[in-house]
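*Asks:* First the structure, then my questions, so here it is.
The values are calculated or read from the model by the stated rules, or taken from the named source; none is laboratory data. All of these numbers come straight from a predicted model, not from anything done at the bench. Methodologically, a virtual Cβ is constructed for each residue, glycine included, from the backbone with ideal geometry; neighbour enumeration extends over all protein chains shown. All accessible areas refer to the heavy atoms of the entire protein, side chains included, with ligands and DNA or RNA removed. Shrake-Rupley method; radii C 1.70, N 1.55, O 1.52, S 1.80 Å.
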2 protein chains.
Amino acid sequence: MAKEVTSRSENYSQWYNDLALKADLAEQSAVRGCMVIKPYGYAIWEKMQSVLDSEFKKTGVQNAYFPLFIPKSFFSREAEHVAGFAKECAVVTHHRLMNDPDGNGVVVDPEARLEEELIVRPTSETIIWNTYKNWITSWRDLPILCNQWCNVVRWEMRTRLFLRTAEFLWQEGHTAHATAEEAEAKANEMVKVYADFARNVMALPVIVGHKSPNERFAGAIDTLTIEAMMQDGKALQAGTSHFLGQNFAKSFDVTFTNKEGKQEYVWATSWGVSTRLMGALIMAHGDDNGLVLPPKLAPIQVVMVPIFKTDDEHDAIIAKFGAIKAALEAKGVSVKIDDRDTLRPGFKFAEWELKGVPVRLAMGGRDLAAGTVEVARRDTLEKSTENTEGIDAYIVELLEKIQQNIYDKALAHREANVEKCDNWEEFKEKIQTGKFLLCHWDGTTETEQAIKDATKATIRCIPVDSYVCEEEGKCIFTGKPSHRRVVFAISY
Amino acid sequence: MAKEVTSRSENYSQWYNDLALKADLAEQSAVRGCMVIKPYGYAIWEKMQSVLDSEFKKTGVQNAYFPLFIPKSFFSREAEHVAGFAKECAVVTHHRLMNDPDGNGVVVDPEARLEEELIVRPTSETIIWNTYKNWITSWRDLPILCNQWCNVVRWEMRTRLFLRTAEFLWQEGHTAHATAEEAEAKANEMVKVYADFARNVMALPVIVGHKSPNERFAGAIDTLTIEAMMQDGKALQAGTSHFLGQNFAKSFDVTFTNKEGKQEYVWATSWGVSTRLMGALIMAHGDDNGLVLPPKLAPIQVVMVPIFKTDDEHDAIIAKFGAIKAALEAKGVSVKIDDRDTLRPGFKFAEWELKGVPVRLAMGGRDLAAGTVEVARRDTLEKSTENTEGIDAYIVELLEKIQQNIYDKALAHREANVEKCDNWEEFKEKIQTGKFLLCHWDGTTETEQAIKDATKATIRCIPVDSYVCEEEGKCIFTGKPSHRRVVFAISY
């Protein structure tokens, strides 16, 4: 074995950390709570970025860049937003270091104190709406559809690679509209983009829905979310899209002259996904041998390992691999020939399994003579012997099958663990075993909070397309009338 | 006219600012020294990123991501680096805000002081070499070839959009090697990537050379640079590549076991280009009507403006434009039809000229009848009438011609303003008129400093490929023996 991975049954949390670390995705840095994203992990993130960026642009969104720093006073403007975001963050107070007069390296120059402290952005609504104020005069200036790919910082006490880090990478879209309807439609459009991406590219069968008021983004009128089920049955919020109403426009005094010549406040949305998606990817599909990457996000889709006794055999196999590689690359498949001479084939097999490469080809002397190659699928761990003739077409099709199978497996797991529940005692028991429970809820924040206090479970969302939830019933906790079921789960 | 632009002869500096602002590339933000990069400007930066990223990867470089923050103590490790970088920077001292007890919004929580201050990265050598320490044990772990695209902050007192901002975007490559030769070769390879990009994509005829010791990066053994001449004859350093020797490896104790089993310090390079390239692009090619974008970096390569009297005429022209657009897009050309109904054609012409769109097509009723279209080149402002039949192929060729012409024009300007100079009195006079002067220099920092004090001119580089500079002579300032000429200029 390349590197020992803790099994899921033994310790799910340790298993996750092992995968992130040992598959070379990321590691903790010298700065508390900040991670280093290693090249293999970053290559997956780049693939995510590339697909998402292209989908955003298809909806008319353009990229821009806004400052890293936000003046402290901006956080006092939007009252709810302050409460939700302004607390745990990195505060810049000085702008100069100087040599320590005592000769111990450098110290902060006390004379270089900033007049107003700057906050490293935890999210950029405030600075962006302060900017939009200057961009918007008339309805002709609308809509504005901007996105930025950037880093943000939220001072987290307990951090986990990708899932919760002080600094993380994300994209944040911020749009400005002339009407509430248009803004709401945009918020809906973007959560759909996220859902399609999660399902079709990440092979993640997410549930799309509205957040309950208690779980909304600070400053939003409505928050849409995509919720994914991990293998332990916990929920992971994988992306959100917010209808912000006129809250930020009012806080930053952003008005426009409408077609009738009247002044109105602008309507807003914001939406984002982050490197947290990497955590979802690891936890949703990995197994006890390591990562299982959906082919559409795998930096290396096919790895080839030669098994040889003599130099001649080695050269003949490598030549054969070279031909298959060229044929696959011509079809857009990314391929690596692992020709390292200091490692045994078994070690290489384990390493590429750990790294989640979807397809592994191995060729030995007998294969060479027979015109065959051993094909191993990472998702099922099945092996078969195939003719090298036409192997490129076979693999292209296999990659599609693997992509689909990973999705189907995750969906089956979810379907096996989503249940209707109408009994509070049953709820308390089942929610601890890793279930998403579809329950009636009386619609109050008090009840939601009481359920959370009793079980740690929260309303993950009020589903819009995955389940038919509209029906009359009684709240699972209070017994009061309810008009629909919602999804309760314990979440990351 | 769309928006009035100051002419270059009137006020070159104001002209630059006008272009950056009025062509919608960027603007100052509410945070001192930090800019907002607007969608049109960011689209150009994205094109630069895309080409560079692909070229980096061809050389084996992989992207990764390292923390935004650097512990203060790291800056005390590499003595020269401290002196050069650690002074003017953003210092994070606290990690929490709280509600002001007096009710005035939020204030910094005095109890949330960090044990050790964190510096927002001005460049990442220190944090990266501290990370590489854990990645490198044996010669088998080398080379490491990482790059990151990120934001950095250097607290600048006087800022200018793109040219000098407190926060800017850049890429920084950091490589680790087993031998000095390999590291030097990498530093050379990367400056070549930059030079090819500047010349072939940005149409910028840069001079490649070594920096004098005085102008080297803090901590480098050798700094290679690409230097561009702006239209006022000043130099702009557009990218640098550093051979760092073993300095950072020694400061962060990064050693490896070589093939002979001995411990050695690792050899390093770093190299970067930034959003400063945007400033170079504006200043090198713009004219008094606005930006002139090389087609390879233009977000919109062809704009089409209809000129019509009746609705029928309008519809027929737009239909014709649609067909041309489809044909051009099939050839990879980006096209915009400007069908805004509230603006006159003359206004649109001026706006797209300001934004530097390489080719403008205009079609009126007569063109429609005759099967022709008016083609205007942004670089020469020439207009001609062409048949719409085969216009797509004509435009593809025209875009190539424009790309070449913009380069040729910049090169001719440079050649007209590079002179050998062997007389100190002549030097003092000519250097103020916007010349690059090829002069003998005695090789000492004292002389370089004395020349700078007298004229503000610095040694931009010791050229390696643009001019034959190896010859015996006498230093222009001290008269002492010299073995080569170097490039002196006043720089941005």
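*Asks:* Can you name the residue in the range B:60-74 that is of a type in the set (S, T, N, Q) and at pLDDT 95 or above and, of all such residues, is surrounded by the most Cβ atoms within 10 Å (Cβ to Cβ)?
*Replies:* Checking each candidate, the answer is B:N63.
*Asks:* State whether one or more residues within the range A:373-391 are among the hydrophobic types (A, V, I, L, M, F, W, C), over 23 Å from A:A319 (Cα atoms) and assigned by TED's automatic domain parsing to the domain that holds A:D311.
*Replies:* Checking the range A:373-391: at least one residue is among the hydrophobic types (A, V, I, L, M, F, W, C), over 23 Å from A:A319 (Cα atoms) and assigned by TED's automatic domain parsing to the domain that holds A:D311.
*Asks:* Let me ask something else about it. Specify which of the listed residues (B:A112, B:A90) is at the interface with chain A (Cβ under 9 Å from one of its Cβ atoms), crowded, with 21+ Cβ neighbours inside 10 Å and modelled with pLDDT of 85 or more.
*Replies:* Just a single option satisfies the conditions, and that option is B:A90.
*Asks:* Given the criterion at negative phi and out of contact with any Lys or Arg (no Cβ under 8 Å at 6 or more places or on another chain), identify the matching residue among B:A457, B:A489.
*Replies:* Matching residue, one of B:A457, B:A489: B:A457.
*Asks:* Just checking: which of the strands (runs of 3 or more DSSP E) contained wholly in the range B:224-271 hold 1 or more residues that are within 20 Å of B:F162 (Cα to Cα)?
*Replies:* Ranges flagged: B:235-245.
*Asks:* Which condition number does B:K57 fail, the rest of (1) touching a residue at least 60 places away in the same chain (Cβ under 8 Å); (2) under 28 Å from the mean Cα position of the chain (by Cα); (3) more than 7 Å from chain A (Cβ to nearest Cβ); (4) open to solvent by 40 Å² or more (accessible area, probe 1.4 Å) being met?
*Replies:* For B:K57, the failing item is (1).
*Asks:* For the range B:225-232, indicate whether the set of residues that are free of Cβ contacts under 8 Å to residues at least 40 places away in the same chain and either open to solvent by less than 30 Å² (accessible area, probe 1.4 Å) or not assigned by TED's automatic domain parsing to the domain that holds B:T137 (or both) is non-empty.
*Replies:* Within the range B:225-232, one or more residues are free of Cβ contacts under 8 Å to residues at least 40 places away in the same chain and either open to solvent by less than 30 Å² (accessible area, probe 1.4 Å) or not assigned by TED's automatic domain parsing to the domain that holds B:T137 (or both).
*Asks:* Out of all the residues in the range A:452-459, is one or more in a helix (DSSP H, G or I), closer than 26 Å to A:A203 by Cβ, open to solvent by 80 Å² or more (accessible area, probe 1.4 Å) and not assigned by TED's automatic domain parsing to the domain that holds A:L204?
*Replies:* no
*Asks:* Related question: Mind counting the residues in the range A:24-38 that are open to solvent by less than 10 Å² (accessible area, probe 1.4 Å) and outside any loop (DSSP other than H, G, I, E, B)?
*Replies:* Going through the range A:24-38 one residue at a time, the tally reaches 4.
*Asks:* Give the number of residues within the range B:242-254 that are in contact (Cβ under 8 Å) with a residue 60 or more places away in the chain and within 16 Å of B:V191 (Cα to Cα).
*Replies:* Number of matching residues: 2.
*Asks:* Look through B:W135, B:W139 and report the one residue that is facing chain A (nearest Cβ under 10 Å), open to solvent by 10 Å² or more (accessible area, probe 1.4 Å) and closer than 19 Å to B:T179 by Cα.
*Replies:* When all the criteria are applied, what remains is B:W135.
*Asks:* Here's a follow-up. For A:L411, are the conditions met, namely being modelled with pLDDT of 95 or more and in a strand (DSSP E or B)?
*Replies:* No; evaluated as a whole, the condition is false for this residue.
*Asks:* Test A:T447 against the stated conditions and say whether it is at pLDDT 95 or above, among the polar types (S, T, N, Q) and touching a Ser or Thr at 6+ places or on another chain (Cβ under 9 Å).
*Replies:* yes
*Asks:* Any residue at all in the range B:152-165 that's closer than 24 Å to B:T59 by Cβ, more than 9 Å from chain A (Cβ to nearest Cβ) and among the hydrophobic types (A, V, I, L, M, F, W, C)?
*Replies:* Yes, that holds for at least one residue.
*Asks:* Looking at the range B:260-293 only, could you name the residues that are among the small types (G, A, S) and in contact (Cβ under 8 Å) with a residue 40 or more places away in the chain?
*Replies:* Within the range B:260-293, B:A268, B:S270, B:G272, B:S274, B:G279, B:A280, B:A284, B:G286, B:G290 meet the criteria.
*Asks:* Check whether at least one residue in the range A:314-337 is closer than 25 Å to A:L161 by Cβ and of a type outside the set (A, V, I, L, M), and report yes or no.
*Replies:* yes
*Asks:* Anything in the range A:3-23 that is buried (at least 19 other Cβ atoms within 10 Å of the Cβ) and part of a loop (DSSP other than H, G, I, E, B)? List them, or say none.
*Replies:* The answer is A:V5, A:A23.
Residues checked against (1) touching a Pro at 6+ places or on another chain (Cβ under 9 Å); (2) within 22 Å of A:E448 (Cβ to Cβ):
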{"residue": "A:V153", "(1), (2)": "yes, no"}
{"residue": "A:E172", "(1), (2)": "no, no"}
{"residue": "A:M190", "(1), (2)": "no, no"}
{"residue": "A:P213", "(1), (2)": "no, yes"}
{"residue": "A:A218", "(1), (2)": "no, yes"}
{"residue": "A:L224", "(1), (2)": "no, yes"}
{"residue": "A:L236", "(1), (2)": "no, yes"}
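*Asks:* How about the range B:416-438: which of its residues are open to solvent by less than 60 Å² (accessible area, probe 1.4 Å) and in a loop (DSSP other than H, G, I, E, B)?
*Replies:* B:N417, B:C421, B:G434, B:K435, listed by residue number.
*Asks:* Could you tell me whether any residue of the range A:24-37 is within 24 Å of B:L68 (Cβ to Cβ), acidic (D, E) and at pLDDT 95 or above?
*Replies:* Looking through the range A:24-37, at least one residue is within 24 Å of B:L68 (Cβ to Cβ), acidic (D, E) and at pLDDT 95 or above.
*Asks:* So in the range A:373-415, with the set limited to residues that are acidic (D, E), open to solvent by 60 Å² or more (accessible area, probe 1.4 Å) and free of Cβ contacts under 8 Å to residues at least 24 places away in the same chain, which one is nearest to A:S466 (Cα to Cα)?
*Replies:* Residue satisfying both the conditions and the ranking: A:E415.
*Asks:* Find the strands (runs of 3 or more DSSP E) located wholly in the range B:76-187 whose residues include 1 or more that are under 17 Å from B:G245 (Cβ atoms) and touching a residue at least 24 places away in the same chain (Cβ under 8 Å), and list them.
*Replies:* B:144-153, B:167-177
*Asks:* For the range A:39-54, enumerate the residues that are open to solvent by less than 30 Å² (accessible area, probe 1.4 Å) and within 10 Å of chain B (Cβ to nearest Cβ).
*Replies:* Hits for the range A:39-54 are A:P39, A:Y40, A:G41, A:Y42, A:A43, A:W45, A:D53.
*Asks:* Within the set of pairs 6+ apart or on separate chains, which have a first residue in the range A:446-472 that is touching a residue at least 12 places away in the same chain (Cβ under 8 Å) and over 20 Å from A:S241 (Cβ atoms), a second that is open to solvent by 80 Å² or more (accessible area, probe 1.4 Å) and among the basic types (K, R), and C-beta atoms under 9 Å apart?
*Replies:* A:T447/A:K480; A:E470/A:R484; A:E471/A:R484
*Asks:* Could you run through the range A:172-224 and say how many residues are in contact with a Phe, Trp or Tyr (Cβ under 6 Å, 6 or more places away or on another chain) and hydrophobic (A, V, I, L, M, F, W, C)?
*Replies:* 9
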